[in-house]
Amino acid sequence: MSQFANRLSRVLLSVLFAAVALAGQFAAALEVGDKAPDFSLQASDGMTYSMSQYLGEKPVVIAFFPKAFTGG
């Protein structure tokens with residue numbers, strides 16, 4: 001294996017390790033029953049909605065699915 005390929009593989013493995021480590025920290029940030037943080041998302045109708053709009057008003061369900069091959 002050439003020096004370039006060896007260095008490249010080390011860099012890629014380091015990046016992969018860092019990404020996995022960070023993803024684990026973010027996933028552990030919320031527990032079941034925790035209050036959701038305020039965030040905004042653009043809906044399929046083009047409008048942007050935020051959690052703070054519905055705080056104390058009604059329950060909120062967030063459903064994510066890819067646009068391709070969906071019936072909705």
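The values are calculated or read from the model by the stated rules, or taken from the named source; none is laboratory data. Source: prediction; values computed, not measured. Don't worry about glycine lacking a Cβ; one is built from the backbone with ideal geometry, like all the others, and counts go over all protein chains shown.
Would you call residue 55 outside any loop (DSSP other than H, G, I, E, B), hydrophobic (A, V, I, L, M, F, W, C) and either on the phi > 0 side of the Ramachandran plot or modelled with pLDDT of 80 or more (or both)? Taking the combined requirement at face value, the residue does not satisfy it.
Only one of the numbered conditions (1) surrounded by 10 or more Cβ atoms within 10 Å (Cβ to Cβ); (2) of a type in the set (A, V, I, L, M, F, W, C); (3) at pLDDT 75 or above is violated by residue 47, and that is (1). If you check 18, 27 for being surrounded by 10 or more Cβ atoms within 10 Å (Cβ to Cβ) and modelled with pLDDT under 75, only one passes: 18.
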